[in-house]
Amino acid sequence: MAVVMNWNNFSTNWDLKLLSLILAVIVWGGVSGGRTAELELTVPLELRNLPPGFSVASAVPTEASVTVAGPKILLLKLRSERIIIPLDARGVGEGTTLFTGLERRLGLPREATITRLFPATVEVRLIRSKTVQKP
């Protein structure tokens, strides 16, 4: 015995069928988008606002290696963004300054968790620049 499908079978209880479809899409999106993954990024370190009359006397790393965990869809978005770690030298005087808390300077969404950050601190040594006076 063959089952004959016609429009009446599809149109009965259309509101329940539509609701079921919407709920299925929501569940699918929550399950597939909520998978946790890890992403390793190389993020540039940027020294900003160097006081006039000072120069950097030590080797400063130019980038940091950051491993971020979070929802896969969020990590895909992060991969395409330009992320930097700013090191603000405003108000810093002569001597050695230790920049800590680099993970807070990244500005990542709260759903993202930093699982690894190297280097975790950056040490910068500033000295007064020697100015050459022309006669």
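Remarks
- Paramagnetic label zone (point 7 Å from Cα along Cα-to-C-beta, ARG48; backbone N under 15 Å) in the stretch 104-126: 104-108
- If R0 is 22 Å, the Cβ-Cβ spacing of SER129 and SER58 corresponds to a FRET efficiency of close to 0.90.
- Here the chain carries DSSP beta bridges of which approximately 85% are antiparallel, counting only pairs with both residues inside.
- Cα convex hull of the chain - mean projected area over all directions, nm²: 15.3 nm²
- Percent carbon-and-sulfur accessible area, the stretch 16-130, ignoring ligands, DNA and RNA, probe 1.4 Å: 57 percent
- Surface exposure of the chain, expressed per residue as accessible area with a 1.4 Å probe, stands at 74 Å².
- Helix 14-33 vs. the chain, principal-axis angle (Cα, 0 to 90°, nearest 10): 30 degrees
The values are calculated or read from the model by the stated rules, or taken from the named source; none is laboratory data. Worth saying up front: this structure is predicted, and the values here are computed from it rather than measured. Note that each Cβ is placed from the backbone with ideal geometry, even for glycine, and that neighbours are counted across all protein chains shown. Heavy atoms of the whole protein, side chains included, go into the accessibility calculation; ligands, DNA and RNA do not. Shrake-Rupley method; radii C 1.70, N 1.55, O 1.52, S 1.80 Å.
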